[in-house]
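Below you'll find the structure, written out as structure tokens, and then a few comments.
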């Protein structure tokens, strides 16, 4: 009778340990996926920031150039502002297709991506890891 009780107690301890390890694994997986998504979004944000700076200086240059061509600085900047107004209106009506859907797809792909570990058979045969 004592061996059955000892086996049940051992089984309970192993099940408890298994559950604790699974909870820890789920936590670490969630942290890994969150870090992957955040780092990916921050990298994209950095690229967007650099492109925005480029567009800013390009817009100032175009405004000054068009101001020279039109013999009035404010008309050059007004033409550039008009271009951005048209762009903003087009963007506003297509924002779901341009931003929401691709961003959602990137986030979902990052969350569903599984980590694959590759085993190099040469390294394991040579005894080095």
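The values are calculated or read from the model by the stated rules, or taken from the named source; none is laboratory data. Just so we're clear, the structure is a prediction, and the values are computed from it rather than from any experiment. Note that each Cβ is placed from the backbone with ideal geometry, even for glycine, and that neighbours are counted across all protein chains shown.
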Next on the checklist: Looking at the structure I just gave you, is residue 51 under 30 Å from residue 108 (Cα atoms), at pLDDT 95 or above, assigned to a helix (DSSP H, G or I) and out of contact with any helix residue (DSSP H, G or I) (no Cβ under 6 Å at 6 or more places or on another chain)?
Outcome noted: yes
Checklist entry - So is residue 35 free of Cβ contacts under 8 Å to residues at least 40 places away in the same chain, over 27 Å from residue 81 (Cβ atoms) and part of a helix (DSSP H, G or I) or not? => result yes
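Matching residues to (1) surrounded by 10 or more Cβ atoms within 10 Å (Cβ to Cβ); (2) at pLDDT 85 or above; (3) over 25 Å from residue 39 (Cβ atoms):
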position	(1), (2), (3)
94	yes, yes, yes
107	yes, no, no
111	yes, no, no
119	no, no, yes
128	no, no, yes
Item to check | Test for residue 58: is it more than 27 Å from the chain's Cα centre (by Cα) and free of Cβ contacts under 8 Å to residues at least 60 places away in the same chain | outcome: yes
Checklist entry - Do we find that residue 11 is assigned to a helix (DSSP H, G or I), closer than 19 Å to residue 102 by Cα and modelled with pLDDT of 90 or more in this structure? => result no
